[in-house]
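Trainee: Mind having a look at this structure? Questions to follow.
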Amino acid sequence: MTRIALIGYGYWGPNVAKNIYKNPEWKFDTICDKKPARLEIAKRLYASSVNYTECADDVINNPEIDAVALAVETSAHYELAKQALLAGKH
């Protein structure tokens, strides 16, 4: 089963998270957002079923995570996608 993490829980993040969570082919591993208030909102929905972090490097450097979904501002997409790909993530 593919373990996937989501970076970004702002505008689009909750929609992406919902779809990841409902997909039986994926194990939703981590939600990452640099704003603690957003993570608190996610924790109300997903409780202890996923991990939470404010640091994207925690996701990128985690060897147990196979794939990364990005729901961040457009200006951050390139760098985060590049880091994820260089780390061997889908």
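The values are calculated or read from the model by the stated rules, or taken from the named source; none is laboratory data. Because the structure is a prediction, the values reported are computed rather than measured. Cβ atoms come from the backbone with ideal geometry, glycine included; neighbour counts cover every protein chain shown. Accessible surface is based on the protein model in full, side chains and every heavy atom, while ligands, DNA and RNA are left aside. Shrake-Rupley method; radii C 1.70, N 1.55, O 1.52, S 1.80 Å.
Trainee: For the chain, what does the relative contact order come out to in percent, with C-alpha contacts under 8 Å and a separation of six or more?
Mentor: Values: 145 pairs, mean separation 31.5, N = 90.
Across the chain, relative contact order equals 35 percent.
Trainee: For the chain, set up a GNM with springs between Cα atoms under 10 Å and report which of T74, T53, T30 has the largest fluctuation.
Mentor: Highest fluctuation among the options: T74.
Trainee: Return the loop-located chymotrypsin sites (Phe, Trp or Tyr not before Pro) in segment 1-34 (DSSP other than H, G, I, E, B) with at most 11 other Cβ atoms within 10 Å of their own Cβ; answer none if there are none. All intermediate terms of the calculation are to be shown ahead of the outcome.
Mentor: Working: sites: Y9, Y11, W12, Y21, W26, F28; in loops: Y9, Y11, W12.
Passing sites in segment 1-34 are Y11.
Trainee: Just to verify a number: FRET efficiency for Y11 and E40, C-beta to C-beta distance, R0 = 22 Å, to 0.05?
Mentor: Numbers: r = 17 Å, r/R0 = 0.76.
Efficiency at R0 = 22 Å is approximately 0.85.
Trainee: Which lysines have a Cα less than 22 Å from the Cα of K34, not counting those fewer than 8 places away in the same chain?
Mentor: Of all the lysines, those that pass the test against K34 - Cα under 22 Å, at least 8 places apart if same chain - are K18, K43, K82, K89.
Trainee: Here's a follow-up. Return the calculated 222 nm mean residue ellipticity for the chain, to the nearest 500 deg cm²/dmol, obtained by summing -39500 (n - 2.57) across DSSP H runs with n ≥ 4 and dividing by the residue count. Let's see the in-between values first.
Mentor: Numbers: 4 runs with 39 residues, N = 90.
Helix contribution divided over all residues of the chain: -12500 deg cm²/dmol.
Trainee: The chain: Rg/Rh from Cα coordinates, Kirkwood Rh? Let's see the in-between values first.
Mentor: Numbers: Rg = 11.8 Å, Rh = 12.8 Å.
Result: Rg/Rh = 0.92.
Trainee: Between beta-carbons, use under 15 Å as the cut-off and find the net charge around E40, counting Lys and Arg +1, Asp and Glu -1.
Mentor: Working: positive: K34, K35, R38, K43, R44; negative: D33, E54.
Neighbour charge sum, excluding E40 itself: +3.
Trainee: Might you tell me the accessible area per residue for the chain, computed with a 1.4 Å probe and given in Å²? Please list the in-between numbers first.
Mentor: Values: 5570 Å² over 90 residues.
Computed with neighbouring chains in place, this is 62 Å² per residue.
Trainee: Okay, moving on. Give me the extension gain from E54 to L86: residue separation times 0.36 nm, minus the current Cα-Cα distance, reported in nm with one decimal. Numbers along the way, then the final one.
Mentor: On the way: separation 32, 0.36 × 32 = 11.52 nm, distance 2.05 nm.
Gain in length upon complete extension: 9.5 nm.
Trainee: How many percent of the accessible area of the chain is carbon or sulfur, using a 1.4 Å probe? Could you put the intermediate results ahead of the total?
Mentor: Numbers: 2990 of 5570 Å².
The computed percentage sits at 54.
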